[in-house]
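Trainee: Dropping a structure here in structure tokens format, bear with me for questions.
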Amino acid sequence: MNVSILIDGSFFWMKHLEARLGQPPSAESVKQACELIMADSEFENDKLFRAYYYDSPPYGGRAVHPISQREIEFSTTEQHRIKNDYLTQLQRMPRMALRLGSLAMQGWKLNKKNMRGIMESLSRNLPLQPQDVSINLVQKEVDMLMGLDIAWMAARGMVDKVVLLTGDADMIPAMNFAREHGMLVFVAKFGYYLSDKLREHADGVVEFTLPAPERTYTPSARVVSMPPNGGYAHGTNGHAPAPPAASPVPEAAAAPAACAAIIADPAIPDILLEDTPEDPDDHIGNK
């Protein structure tokens, strides 16, 4: 059977940062995630048809910082170069399709990473500092592109199974459409909380662990849960099988040194970390 893997890029980036203590992903990280998903016993006799990565290009506009009054040309920042190189590497990967939406600037916002310090400063009547605000960038079209691709694959019978790496409940209507057309729909995760809504509307959850740089192996992916009355049984009596024994895999490649030090100037907001979905509450898996 043919399998497609659909990855919500901003969600993957954010969860990779959380799991790797601020280290952004590389194209190799995405490749590893796809390989670990396909290593699950559910896909033992299947092959990857294509992986799809949904994201938006880095913001390349110009804006005046509201605190420092400094004009910032975002297309010349290190953040812009890192994200652009990352997307270029993904685009060149075999069996990978890059689906790009757009970013819209919607003013500036308080930097949630500094919120405690901001509240303390305000309580003491101290002025805001440049690092206390960041540009408010909102993704457009990305969710729609992902939902349309799911529906198109199901309607055309392109693949038999689809795996979604997302925490976005807006995908549920497309997931249901695909299942009604005979496609098996799975949701993948690596270590974070996944909402019950997504679990209930999937044929299973594939959980895997991205290897830390110091580790020489990582557990294989496994289907860890099935929705009640989902109509799909895996193993005896519809229960997931026991996790397979860990198998050695090559050590994860270290991210470029430039990626480890994203913020070089506090006056320039971290546009890699602050990209948000169209609706901040869409990614219910962030809880």
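The values are calculated or read from the model by the stated rules, or taken from the named source; none is laboratory data. Bear in mind the structure is a predicted one, so any value in this text is a computation, not a measurement. Note that we place each Cβ from the backbone using ideal geometry, even for glycine, and neighbour counts take in every protein chain shown. Ligands, DNA and RNA are stripped out before the accessible areas are found, and what is left, the full protein with its side chains, is counted by its heavy atoms. Shrake-Rupley method; radii C 1.70, N 1.55, O 1.52, S 1.80 Å.
Trainee: Which pairs turn up if I take residues in the range 1-17 that are more than 21 Å from Ala151 (Cβ to Cβ) and look for partners that are open to solvent by 10 Å² or more (accessible area, probe 1.4 Å) and in a helix (DSSP H, G or I) with beta carbon separation below 8 Å, at least 6 apart in sequence or on another chain?
Mentor: Met14/Asn286; His16/Ser29
Trainee: Here is a list of conditions, (1) in contact with a strand residue (DSSP E or B) (Cβ under 7 Å, 6 or more places away or on another chain); (2) closer than 19 Å to Ile5 by Cα; (3) touching a residue at least 40 places away in the same chain (Cβ under 8 Å); (4) not polar (S, T, N, Q), and Leu87 meets all of them except one; can you say which number that is?
Mentor: (3)
Trainee: Hey, among the residues in the range 27-59 that are of a type in the set (Gly, Ala, Ser) and open to solvent by 40 Å² or more (accessible area, probe 1.4 Å), which one's modelled with the lowest pLDDT?
Mentor: Per the stated criteria, the residue is Ser41.
Trainee: Can you say whether Gln89 is at positive phi and not hydroxyl-bearing (Ser, Thr, Tyr), as far as the supplied structure shows?
Mentor: It is false that Gln89 is at positive phi and not hydroxyl-bearing (Ser, Thr, Tyr).
Trainee: Filter the range 60-80 down to residues that are part of a helix (DSSP H, G or I) and without any contact (Cβ under 8 Å) to a residue 24 or more places away in the chain and give me whichever is surrounded by the most Cβ atoms within 10 Å (Cβ to Cβ).
Mentor: This residue is Ser75.
Trainee: Within the range 101-116, how many residues are loosely packed, with under 14 Cβ neighbours inside 10 Å and in a helix (DSSP H, G or I)?
Mentor: The qualifying residues number 3.
Trainee: So which of Pro127, Pro94 is outside any helix (DSSP H, G or I), touching a Ser or Thr at 6+ places or on another chain (Cβ under 9 Å) and either touching a residue at least 24 places away in the same chain (Cβ under 8 Å) or surrounded by fewer than 15 Cβ atoms within 10 Å (Cβ to Cβ) (or both)?
Mentor: Residue meeting the stated conditions: Pro127.
Trainee: Another question, then. Is there any pair linking a residue in the range 26-46 that is more than 14 Å from Lys189 (Cβ to Cβ) and of a type in the set (S, T, N, Q) to one that is open to solvent by 20 Å² or more (accessible area, probe 1.4 Å) and modelled with pLDDT of 90 or more, with Cβ under 9 Å and at least six apart or on different chains, and which?
Mentor: Partner pairs satisfying both residue conditions: Ser26/Gln89; Asn45/Met1.
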